[in-house]
Amino acid sequence: MQNAFEHYQSGQIAFWSENSRVGGRVVPIATIHTSLYGWCRECEERIATDRASHRLVGIACRTERGQWLIVDIRSYVEVGQPRI
């Protein structure tokens, strides 16, 4: 996720896989600048397991050390066939 926030353009999909049963993708949606946090990225992440599909929507902001920190997130469980 850190790499996607730092290097990917808005709309560019970064896929990841934990193992054969859990995988997902993260998509930076927009880059914004805030007075409180500085540079931030709106993002969407989808996580799929063999049982469920989850959709996370949030905002990650860049710290002074260059790390991206999730400052807001909302989770949605999607009913039906798991998909990425």
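No value in this document is a laboratory result; all are computed from the given coordinates. All of these numbers come straight from a predicted model, not from anything done at the bench. Glycine gets a Cβ as well: all are built from the backbone with ideal geometry, and neighbour counts include every protein chain shown.
Residues that are among the basic types (Lys, Arg) number at least 2 in the following strands (runs of 3 or more DSSP E) confined to the stretch 36-81: 38-48, 53-62.
Exactly one condition in (1) outside any loop (DSSP other than H, G, I, E, B); (2) over 25 Å from VAL77 (Cα atoms); (3) of a type in the set (Gly, Ala, Ser) is not met by SER17; state its number. If we test SER17 against (1) outside any loop (DSSP other than H, G, I, E, B); (2) over 25 Å from VAL77 (Cα atoms); (3) of a type in the set (Gly, Ala, Ser), just (2) comes out false.
The set of residues in the stretch 52-71 being touching a Pro at 6+ places or on another chain (Cβ under 7 Å) and either within 20 Å of SER10 (Cβ to Cβ) or not polar (S, T, N, Q) (or both) consists of ALA52 alone. Scanning the stretch 37-52 for residues that are within 10 Å of the chain's Cα centre (by Cα) and in contact (Cβ under 8 Å) with a residue 24 or more places away in the chain yields a count of 5. Among the residues of the stretch 2-14, are any in a strand (DSSP E or B), touching a strand residue (DSSP E or B) at 6+ places or on another chain (Cβ under 7 Å) and not small (Gly, Ala, Ser)? No, the stretch 2-14 contains no residue that is in a strand (DSSP E or B), touching a strand residue (DSSP E or B) at 6+ places or on another chain (Cβ under 7 Å) and not small (Gly, Ala, Ser). When you check ARG21 against the structure, is it exposed (fewer than 12 other Cβ atoms within 10 Å of the Cβ) and over 15 Å from the mean Cα position of the chain (by Cα), yes or no? So ARG21 fits the description; yes. No other residue among SER35, SER10, SER75 is of a type in the set (S, T, N, Q) and loosely packed, with under 11 Cβ neighbours inside 10 Å apart from SER35.
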